Amino acid sequence: MLSRLFAPKVKVSAHCDLPCGVYDPAQARIEAESVKAVQEKYQANEDPHFRARATVIKEQRAELAKHHISVLWSDYFKPPHFEKYPELHQLVNDALKALSAAKASTDPATGQKALDYIAQIDKIFWETKKA
């Protein structure tokens, strides 16, 4: 009797841990754009104090971008997405590696490479949202 009383009345499901609308690669892109912008500012300024602060900020932003990509990979993308886009695993890995490289570098080209990978993930993400 009690089991029927407390049994769920409606069964719901979602392909992600919350109903869609909370995930967006734009979060990673914004952080990666900050990484590249800091790299450019670092190159344009010789002040050691400025460069030290810029390095800290760049590294923080790169970590945030990595976090947002990792959350997409682990919480948003599901087996049907990986079946339709078999390159997605490698693409996410490449983006994370590129962000690690940008974190360790002051060369804006590394920031741009991370942005290029994020753009590819963004394209796939929005294609999955249409489905």
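The values are calculated or read from the model by the stated rules, or taken from the named source; none is laboratory data. In this text, all values refer to a predicted model and were calculated from it rather than measured experimentally. Positions of Cβ are backbone-derived with ideal geometry, glycine not excepted, and every protein chain shown enters the neighbour counts. The area values use the complete protein model at the heavy-atom level, side chains included, leaving out ligands, DNA and RNA. Shrake-Rupley method; radii C 1.70, N 1.55, O 1.52, S 1.80 Å.
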Q. To the nearest 20 debye, what is the magnitude of the charge dipole of segment 25-130 about its Cα centre, counting +1 on the Cβ of each Lys and Arg and -1 on the Cβ of each Asp and Glu?
A. 160
Q. Rounded to a whole number, what % of the accessible area of segment 28-104 do carbon and sulfur atoms account for, probe 1.4 Å?
A. 56
Q. When ligands, DNA and RNA are left out and all protein chains stay put, how many square angstrom of accessible area per residue does segment 25-130 have with a 1.4 Å probe?
A. 54
Q | Mean-position separation - Cα centroids, segment 27-61 and segment 108-122, in angstrom | A | 15
